[in-house]
Structures are given as C-alpha cells and as structure tokens.
Amino acid sequence: MSEIPILKIGDCLLVSIQVDMHDRLAMALQDDLTQRIVSDRARGVMIDISALEIVDSFIGRMLNNIAAMSRVLDAVTVVVGMRPAVAITLVELGLALTGVRTALNVDKGLAMIRGIIDNAEHADAHRDR
Amino acid sequence: MLIETGETMPLRTSDDVVRVRQAVRARAVAAGFSLVDQTKIVTAASEIARNTIDYGGGGVLRIEVLRDGRRLGVRLTFTDQGPGIPDIALALTDGYTSGGGLGLGLSGAKRLSNEFAITSSLGHGTTVTLARWK
C-alpha cells in the first residue's frame, strides 16, 4: 500500500499528493487507486498535484496510466492544481498528457467530474427508454 | 569561467533521485534562478538521474555552480560505469527507449538545458553533462 491517502467523497476518490514521490511510491499509488476504483465502485478520480514542484516523465506516465486504467473501469480522472512552472516544463519536456483531463482547482475538478458522470447517466437512461 | 561551489552525490536507488531533485533545487535557488528555470533544471536532473540508475546501473552526480562574468549557472555531470549507449543519436530521439519508459528522458532533458553533452564508451560507461544559466 502507498503512503498517500485516498479519500472517498460520494462516488469520487480524491488523492492529494503532498510529498516528493520516488518512483516506487508513484507505482504503488497507481496500483492502490486502480484497486480502490473497483472496491469503492468509484465513478470519478481527482488527483491534486498543487504541491508537486515538478512532474517528470515518470510521474507524467503514472498520471496517464491512472487516467487510462480508470477509463477502462468506467471512471473519470481529472488532474487538478498543476503549477504554471510545471506546465511550462512539461510541454518543453515533450509530455503533453493528452489522455488526461485537467482542471485549475479542486472545485472546478469536482464540477467537471460531476458533469461527465451526469451526462453519461443521462445518455444511459435515454438509451434504456 | 569559475566554479563557485560543488558537491558529489551517489545515484543508487529511487530515493537518491528525490535527493538529487532537492539538492539541484537548492543550488538553483542559491544561484538566483527564476521559478521556471529552477523547475526546468530540476526536471532535467530527475530524468538523467533515473537513466543513470536504470540504464547505467547507478553512478554519481557532480553538481557545480558556475560563474561566467556576471552570469551564474548550474552544471550537472552524471557519470556511470554501465554498458554505455551504442547509438547516442538514436538514444536522443523522442519516443525511442531501450527500456519501458516513454523515451523522453534524454531528449526532454536536452530541451530543458542550455548546454547538453553525452560521451559514452561501450562497456565502460556514460557521462551526461548539462548546464542551465540564469
């Protein structure tokens, strides 16, 4: 199990990364989150990276993987709070995080997840009629 | 060009990568780098430190603060005694990896640096030197 706590809020999981992650910790978080999406029947995952001073290719790959795995498990991932200097550096590094939804802060992230889940449920209800 | 300060750090485990990020950040702050410049050199350091461990079997990092007239810079020299890189041009290609990564480590670190050089000798090891100026 990773040392990074995963909080459950309704049908969403919230992770706030507050430490400089070594690679094994990043892998452990990826595994834990994937397990929790299934065991908690989560529909949304929000990852707050506002405390991260850098995102290198390893952490970037972890964020991409979490987004891809949660998509396969019918959950939505939103990464929130990326610092401007981190965003500038990520793009220059060559990592566009194309598979990852992002929002400016936790409020906007939750609203984004809510909107996507509600839309999907509406579409399901429509199809079933 | 003068070397103002220097230190050497071991690169063995993924915890060492975290320590390298913190040490490079401290030097970049001391050299008066902007937040964006700090972030760029710390990110480049993280990429190459991981390569030194994963592909070079571990090694050492030398961190130096340089002065050229009124300009300050930070130079990082990563040295390993690993298998070496057979084709440096190929290794510097975006998306190329001999491992399981994204293939952005070397090429990305080069883009984040003002100066970047690799020397490698098959069977003897690799040295990556990068610098960023204020």
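The values are calculated or read from the model by the stated rules, or taken from the named source; none is laboratory data. For clarity, every value in this text was computed on a predicted model and none was experimentally measured. Please note: Cβ atoms are built from the backbone with ideal geometry, for glycine as well, and neighbour counts cover all protein chains shown. Ligands, DNA and RNA are excluded from the accessible area calculation, which covers all protein heavy atoms including side chains. Shrake-Rupley method; radii C 1.70, N 1.55, O 1.52, S 1.80 Å.
Structural remarks
- Probe 1.4 Å, all protein chains present, accessible-area order of A:Ser70, B:Ser14, B:Ser98, largest first: B:Ser98, B:Ser14, A:Ser70
- The charge dipole of the protein assembly as shown, taken about its Cα centre with unit charges on the Cβ atoms of Lys, Arg (+1), Asp and Glu (-1) only, comes to about 540 debye.
- B:Ile85 long-range amide H proximity, modeled H, under 5 Å: B:Ser121
- Fraction of antiparallel bridges per DSSP, the protein assembly as shown only, in percent to nearest 5: 75
- A cut-off under 15 angstrom between Cβ atoms defines the neighbours of A:Val80, and their net charge, with Lys, Arg +1 and Asp, Glu -1, is +2.
- Reported to the nearest whole Å, the Cα centre-to-centre distance from segment A:1-60 to segment A:66-124 is 13.
- Fraction of beta bridges assigned by DSSP in segment A:6-128 that are antiparallel (%, nearest 5): 25
- Computed over segment A:6-128: relative contact order in percent, which uses C-alpha pairs under 8 Å that are six or more apart: 24
- For chain B, modelled as a GNM whose springs connect Cα atoms under 10 angstrom apart, the maximal fluctuation among B:Leu66, B:Leu35, B:Leu104 occurs at B:Leu35.
- Helix runs (DSSP H) in chain A reaching 18 Å along axis by Cα, Kyte-Doolittle at least -0.5: A:23-39, A:57-72, A:106-128
- Calculated FRET efficiency for the pair B:Gln22/A:Leu7, C-beta based, R₀ 25 Å, to 0.05: 0.40
- Two-site FRET efficiency, A:Asp118 against A:Val19, from Cβ-Cβ distance with R₀ of 30 Å, rounded to 0.05: 0.35
- In sequence order, calculated HN-Hα J values of segment B:68-79 (Karplus, 6.51, -1.76, 1.60; Hz; x Gly/Pro): 10, x, 9, 7, 10, x, 10, 10, 10, 10, 9, 10
- Note on segment A:62-114: dipole from Cβ charges, positive end direction compared against A:Val91, A:Val106, A:Val79; the farthest Cα belongs to A:Val106.
- Evaluated with a Cβ-only charge set (Lys, Arg +1; Asp, Glu -1), chain A carries a dipole of roughly 320 debye about its Cα centre, given to the nearest 20.
- Summing Cβ point charges (Lys, Arg +1; Asp, Glu -1) relative to the Cα centre of chain B gives a dipole of roughly 500 debye.
- Helical runs assigned H by DSSP (4 residues or longer) give chain A a calculated mean residue ellipticity at 222 nm of -17000 deg cm²/dmol, each run adding -39500 (n - 2.57) before division by the residue total.
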